[in-house]
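Undergrad: Pasting in a structure now, in structure tokens, and then I'll have a few things to ask.
The values are calculated or read from the model by the stated rules, or taken from the named source; none is laboratory data. Worth saying up front: this structure is predicted, and the values here are computed from it rather than measured. Please note: Cβ atoms are built from the backbone with ideal geometry, for glycine as well, and neighbour counts cover all protein chains shown. Please note that ligands, DNA and RNA were not included when accessible areas were found on the heavy atoms of the full protein model with its side chains. Shrake-Rupley method; radii C 1.70, N 1.55, O 1.52, S 1.80 Å.
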Amino acid sequence: MLRSTSGDLINYCNIILSFSCSVNKKALMSRRLHARRLDGIDKNIWVEFTQLAADYKAVNLGQGFPDFSPPTFIQEAFCKAVSGSCPMHQYTRAFGHPPLVKNLAKFFGRVMDRPVDPLEDILVTVGAYQALFCTFQALVDEGDEVIIIEPFFDCYQPMVKMAGGKAEYVPLRPRADSGQALSSADWVLSPEELASKFNPRTKAIMINTPNNPLGKVYKREELQVIADLCVKHDVICISDEVYEWLTYDGNKHVKIASLPGMWERTVTIGSGGKTFSATGWKVGWAMGSGQIIKHLKTVHQNSVYHCATAAQEAVSVGFEREYDCFGKEESYFLQLPALLHHKRLRLARCLQSVGLQPILPQGGYFMITDVSTLKVDLNDPSTEGELYDYRFVKWLIKEKGLATIPVSAFYSPEHQQDFQNYIRFCFVKEDSTLKSAEDILLQWSKRK
């Protein structure tokens, strides 16, 4: 008969535990796991600040999405699609649902007054994010330089890096003759500084109009300066135009691809989510000459391959409707900016009432303001060493329950220090959300 003492049992358990630890240590590879192209891009501002806002249950004017529903007609189109027959629940064409690319080509062909081939000139993607990713992966090679206009949406730089390229930066700055910049129109490029960045290694330039976070809408003359340099140096232009229908005070969006000589060298990025206030649907597109778009398709077919059929169908219905009522009172492309114009002015008045001077945006979802005049005791040791706007935004979330975004996150390391006194607000929110933010700011102002 075998006998087991308590001491034997303990020894046996220790042996098993030791063996288990040894196996686990071997399971954890000692060699480098991640690719070098991920070095330095592991942090993401949206992950960090969205989580912080949720942890403190803050009123969220940080992340750029509407907290109101899309228009009824496109909701109904989506419901009809998902309750439809078999084809709506299966794969559609990999490069874009045929009804959608047909309606996009028809719509934007009229906008640009040129033919757009629905099968060759358009790639439908999982949001504008994937359109950008496909563009950089397809067109930027090891050692290529990409000029990025600052401030820029934060994914541009890591995407350039992952493609093996090198980002070169040119900031928009307040005009020297404008005194205190009160509008995004007062922020301009230096043509000389921009021209100095072009060289034989320059493959592309990245622009965003209307701009996030500034709200600048580039004038035709400003775009012509960029276009002339692209033609002169044989450079591709990547134009992020997801907010193209959201312009205010008579400002008009101009597509750089519509300028002479630019269709053949421009990739235009669009978003059904931003267009129809349905950001969670993740329907985007890249549009340009088929000679460029075919390379994006190669990346797409070897990564994502396909986008949700029902969401594409709904966005297609939306563009078909907008084509029919384009320029008319019932057009959502007129109704939405009219609605947001009032929200924009409301937020501006609120910021002014507490002693801040906002930069009034010409377009987009966002408004920035300088907070350097506010005297705040930023004594949180966990934020020590961070840029001022990062520390301020974290203080505002934790102490006041209001979430915004630090503007220096939209700048390169070499220019962050120059713009660390600004924070970004999103005004594309329900009036009740804006009222809650107003109450927080006004209460704080009274206590100062």
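Undergrad: Based on DSSP H runs of at least 4 residues, each adding -39500 (n - 2.57), what is the mean residue ellipticity at 222 nm of the chain after dividing by all its residues, to the nearest 500 deg cm²/dmol?
TA: After summing the helix terms and dividing by residue count, I get -12500 deg cm²/dmol.
Undergrad: Give the relative contact order (percent, whole number) for segment 110-196; include only Cα pairs under 8 Å separated by 6+ residues.
TA: 21
Undergrad: I've got another one for you. Quick one: with all protein chains in place, what share of the accessible area of segment 130-254 is carbon or sulfur, to the nearest percent (1.4 Å probe)?
TA: That share works out to 50 percent.
Undergrad: Continuing with this model, one more query. Per the Kirkwood treatment, what hydrodynamic radius in Å, one decimal, follows for segment 240-282 from the mean inverse distance over all distinct Cα pairs?
TA: Taking the inverse mean of 1/r over all distinct Cα pairs, segment 240-282 comes out at 11.7 Å.
Undergrad: Let me ask you something else. Write out the GluC sites (Glu not before Pro) in segment 124-226 meeting two conditions: DSSP loop, and at most 14 other Cβ atoms within 10 Å of their Cβ.
TA: Qualifying residues, ordered by number: 142.
Undergrad: With Rg and Dmax of the Cα atoms in Å as the read-out, I listed (i) 25.0, 99; (ii) 24.2, 93; (iii) 26.5, 119; which label goes with the value calculated from this structure?
TA: Read-out from the structure maps to (i).
Undergrad: Continuing with this model, one more query. Taking a ≥ b ≥ c as the square roots of the Cα gyration tensor eigenvalues, with a/c under 1.5 meaning rounded and otherwise prolate when a/b beats b/c, else oblate, which class fits segment 207-286?
TA: oblate
Undergrad: Sort segment 213-340 into rounded, prolate or oblate with this rule: let a ≥ b ≥ c be the square roots of the eigenvalues of the Cα gyration tensor; rounded if a/c is under 1.5, and if a/c is not under 1.5, prolate when a/b is larger than b/c, oblate otherwise.
TA: It comes out oblate by the Cα gyration axes.
Undergrad: Given 0.36 nm per residue, what is the gain on full extension from residue 192 to residue 335 after removing their alpha carbon distance, in nm?
TA: 47.6 nm
Undergrad: Report the Rg/Rh value for segment 82-207, based on alpha-carbon coordinates and the Kirkwood definition of Rh.
TA: 1.09
Undergrad: At residue 119 and residue 65, where each label point lies 7 Å from the Cα along Cα→Cβ, what is the point-to-point distance in nanometres?
TA: Roughly 3.6 nm, to one decimal.
Undergrad: Can you give the relative contact order of the chain as a percent, counting alpha carbon pairs under 8 Å and 6+ residues apart?
TA: Result for the chain is 22 percent.
Undergrad: Mind ranking 197-208, 345-356 by how tightly packed they are, going by the mean number of other C-beta atoms within 10 angstrom, highest first?
TA: 197-208, 345-356
Undergrad: Which loop-located GluC sites (Glu not before Pro) does segment 304-368 contain, where loop means any DSSP state but H, G, I, E or B and the Cβ has at most 13 other Cβ atoms within 10 Å?
TA: The qualifying sites are 329, 330.
Undergrad: Can you give the log10 of the normalised intensity I(q)/I(0) at q = 0.12, 0.17, 0.23 Å⁻¹, computed with Debye over equal Cα scatterers of segment 142-192?
TA: Values, matching the q order: -0.36, -0.60, -0.82.
Undergrad: Taking a temperature of 37 °C and a viscosity of 0.692 mPa s, what whole-number D in µm²/s does Stokes-Einstein yield for segment 72-141 with Rh from Kirkwood over alpha carbon pairs?
TA: In µm²/s, the coefficient rounds to 234.
Undergrad: Give the calculated FRET efficiency between residue 301 and residue 444 to the nearest 0.05, with a Förster radius of 56 Å applied to their Cβ-Cβ distance.
TA: 0.60
Undergrad: Here's a follow-up. When all protein chains stay in place, what accessible area (Å², nearest 10, 1.4 Å probe) is found for residue 391?
TA: Approximately 50 Å² of residue 391 is accessible to the 1.4 Å probe.
Undergrad: Which of rounded, prolate, oblate describes segment 258-297, given a ≥ b ≥ c as roots of the alpha-carbon gyration tensor eigenvalues and a/c under 1.5 marking rounded, otherwise prolate only if a/b is larger than b/c?
TA: Oblate is the answer for segment 258-297, as a/c is 1.5 or above yet b/c matches or exceeds a/b.
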